[in-house]
Amino acid sequence: MAVGAVLPLVACTAQSPPTEPASTAAAPTPTTPRREIVSTFTTKDGTQIYYKDWGSGPVVVLCHGWPLSSDSWESQMIFLADNGFRVIAHDRRGHGRSSQPWDGNDMDHYADDLAQLLDMLDVKDISIFGFSTGGGEVARYIGRHGTKRVKKAGLISAVPPLMVKTDKNPGGLPIDVFDGLRKAQLENRSQFYKDVPAGPFFGFNRPGAKPSQGMIDFWWLQGMMGGHKNTYDSIKAFSETDFTEDLGKFDVPTLIVHGDDDQVVPIDASARASAKLIKNNKLIVYPGAPHGITDTHKDKLNADMLAFLKS
């Protein structure tokens with residue numbers, strides 16, 4: 001129907017007497033203004049970063065592991081948001097739903113991307129946690145950008161201070177281990193990303209373990225969403241970056257949580273070594289726990305994180 005034909009109908013309707021009494025309903029109660037929720041932002045070098053921003057309250061920031069995405073934190077995100085926190089988690093460049101730049105797949109860029117996200121959101125007094133490779137991202141962020149926005153920090157199954165074996169780090173893993181990861185990724189990335197969660201990541205290769213196909217499939221899905229080049233480069237980033245000096249710059253209370261049966265990031269060269277370098281820390285060891293405690297021990301981890309946040 002043409003607009004001109006509609007106008008007379010509107011006029012007639014306006015002149016017709018009301019058939020029902022005017023509503024006596026009270027005016028709607030004003031609602032709390034909501035912040036704009038945007039799912040992506042663009043870094044200074046043109047990389048698009050995806051992030052989630054759930055809940056309201058004191059801010060918690062979560063940095064994920066390799067080769068996963070922010071989805072790997074979903075059990076902690078929903079728990080903390082339900083308990084009165086605003087929870088922010090991003091997909092690291094080259095991972096998940098973020099774009100896949102050819103260059104810049106290193107800890108310095110990861111930390112600077114994170115800094116730009118936090119600056120853009122202008123969040124303050126945050127508690128920031130990193131899982132596995134994300135622990136390196138947190139360490140390098142504090143090392144490069146300080147703690148002006150940070151109230152507390154957490155390292156969960158995290159890679160610092162240094163994973164690879166060197167003369168100064170005799171307890172690290174031989175470079176052959178990481179060369180093997182790179183070789184497996186180039187030969188058959190999809191199969192490699194099934195073998196890791198089906199084996200050491202969740203400890204499903206241990207006697208008596210009961211593998212969860214759902215956990216394995218979800219790990220594989222997250223990994224395959226990442227860029228081939230990006231996740232390949234990230235192996236060097238998480239294994240060969242030395243975070244010793246970064247840990248020395250931690251000046252906020254820090255929670256360190258690690259399983260003592262972690263086959264991916266052995267506890268002695270990581271959590272226990274980090275605890276010796278960070279001034280004000282609390283180390284919690286999960287007996288018999290594997291690397292992927294955000295899933296396998298999520299209830300205990302959620303409770304420990306919440307207690308630390310409220311302390």
Which order results if F308, F131, F250 are arranged by neighbouring Cβ count within 10 Å, fewest first?
F308, F250, F131
Length gained, K236-S56, 0.36 nm per residue minus C-alpha separation, equals 61.2 nm
Could you give the radius of gyration (one decimal) and Dmax (whole number) of the Cα atoms in the range 40-310, in Å?
16.9, 49
Please rank V265, V60, V285, fewest neighbouring Cβ atoms within 10 Å first, as an exposure proxy.
V285, V265, V60
What is the gain in length, in nm to one decimal, between D195 and T147 on full extension, counting 0.36 nm per residue of separation less the C-alpha to C-alpha distance?
13.5 nm
Contour minus end-to-end for K300 and D45, with contour as 0.36 nm per residue of separation and end-to-end as the Cα-Cα distance?
87.9 nm
Return the loop-located trypsin sites (Lys or Arg not before Pro) in the range 151-189 (DSSP other than H, G, I, E, B) with at most 14 other Cβ atoms within 10 Å of their own Cβ; answer none if there are none.
K168
Two-site label geometry, K210 and V38: point separation in nm, points 7 Å out along Cα→Cβ:
4.6 nm
Members of K165/K276; K151/K236; K44/K298; K148/K249; K52/K282 lying beyond 24 Å, as alpha-carbon distances in this model show
K151/K236; K44/K298; K52/K282
Structure-based [θ]222 nm, the chain - -39500 (n - 2.57) summed over DSSP H runs of at least 4, per residue, nearest 500
-12500 deg cm²/dmol
To the nearest 0.05, what FRET efficiency results for K165 and D260 with a Förster distance of 25 Å applied to their C-beta separation?
0.80
Residue-by-residue Karplus 3J(HN,Hα) for the range 173-179, coefficients 6.51, -1.76, 1.60, Hz, glycine and proline x
8, x, 4, 4, 4, 7, 4
List every residue whose amide H lies under 5 Å from the amide H of I284, counting only residues 5 or more places away in sequence or on a different chain, with H placed 1.01 Å from N in the peptide plane.
I256, V257, H258
Under the 7 Å Cα-to-Cβ spin-label approximation, S75 and W102 lie apart by a distance in nanometres of 4.0 nm
When T166, T241, T47 are arranged by how many other beta-carbons sit within 10 Å of their Cβ, fewest first, they go T166, T47, T241
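No value in this document is a laboratory result; all are computed from the given coordinates. This is a predicted model, so every value here is computed, not measured. Counting neighbours? That spans all protein chains shown, and the Cβs are built from the backbone with ideal geometry, glycine included.
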